[in-house]
Amino acid sequence: MSDNGFTLWFTGLSGAGKTTISHILADELNARGQKFEILDGDIVRENLSKGLGFSKEDRDTNIRRIAFVADLLSRNGTPVITAAISPYREIRDEAREMMGDRFIEVYIHASVDACAERDVKGLYAKAFSGEIKEFTGVSDPYEEPLNPEVVIKTEEEEPEESAAILLAYLEERELIPAAVKS
Ligand code: ADP
């Protein structure tokens, strides 16, 4: 049984690239025969956190639930990728404390301007017009990580490059098997 459980904890603005990068990593981990789970913020909010809103209290509850599940899985040897905004430092630090060395904080960085330009889900337009309230980075806080293990700059990198940086980091720490040479 592998005891290589870890949690790759993505944090960053909506549209920064969390889901995109997690999908590329998923393909690569599958190709290497490495088991894992993904806890994507949007999907968790439709299931485990259904009914929660975007007040600070509800956001904290949502992130604590994600941390709880990530801890359960990772301590049993299943690597986890979490892809939720997780805007508050205090709750991320709680997750770090819970998981210790298994917790790898990854700041998926893109500026509000870049995310608004991408506007993948059309949410920034609604946030700027006031149609959506409490939108992270526009009308709600985002607290940057102070000491993340990895910083990914999606305004400067292609998604595949960002994923490659993370794979190299995990390989370096011997948490995943190396790529199979073709
Ligand atoms: P999030 O999950 O953080 O809300 P998404 O992954 O849904 O963000 O959207 C990110 C957008 O940014 C996508 O349209 C993606 O193609 C683009 N993008 C540009 N560069 C990168 C990169 N290096 N990594 C990830 N996404 C990127």
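Numerical summary
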{"quantity": "Selection from the range 20-40 of residues that are surrounded by 21 or more Cβ atoms within 10 Å (Cβ to Cβ) and assigned to a helix (DSSP H, G or I)", "calculated": "ILE21, SER22, LEU25"}
{"quantity": "Residue among ILE81, ILE85, ILE43 that is part of a strand (DSSP E or B) and either open to solvent by less than 10 Å² (accessible area, probe 1.4 Å) or of a type in the set (Val, Ile, Thr) (or both)", "calculated": "ILE81"}
{"quantity": "One residue from VAL106, VAL180 being within 16 Å of the ligand (Cβ to nearest atom), among the β-branched types (Val, Ile, Thr) and either open to solvent by 50 Å² or more (accessible area, probe 1.4 Å) or within 29 Å of LYS35 (Cα to Cα) (or both)", "calculated": "VAL106"}
{"quantity": "Residues within the range 145-169 that are under 19 Å from TYR88 (Cβ atoms) and open to solvent by less than 90 Å² (accessible area, probe 1.4 Å), tallied", "calculated": "4"}
{"quantity": "Matching entry among SER49, SER74 (being small (Gly, Ala, Ser), open to solvent by less than 10 Å² (accessible area, probe 1.4 Å) and part of a helix (DSSP H, G or I))", "calculated": "SER74"}
{"quantity": "Lone unmet requirement of (1) more than 16 Å from the ligand (Cβ to nearest atom); (2) more than 25 Å from ASN147 (Cβ to Cβ); (3) modelled with pLDDT of 95 or more for ASP27", "calculated": "(1)"}
{"quantity": "Yes/no for ARG92 being part of a helix (DSSP H, G or I), open to solvent by 20 Å² or more (accessible area, probe 1.4 Å), modelled with pLDDT of 95 or more and more than 13 Å from the ligand (Cβ to nearest atom)", "calculated": "no"}
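The values are calculated or read from the model by the stated rules, or taken from the named source; none is laboratory data. Keep in mind it's a predicted model, so treat the numbers as computed, not measured. Because the Cβ atoms are built from the backbone with ideal geometry, glycine has one as well, and the counts that use them run over all protein chains shown. Only protein heavy atoms, including side chains, enter the accessible area calculation; ligands, DNA and RNA are left aside. Shrake-Rupley method; radii C 1.70, N 1.55, O 1.52, S 1.80 Å.
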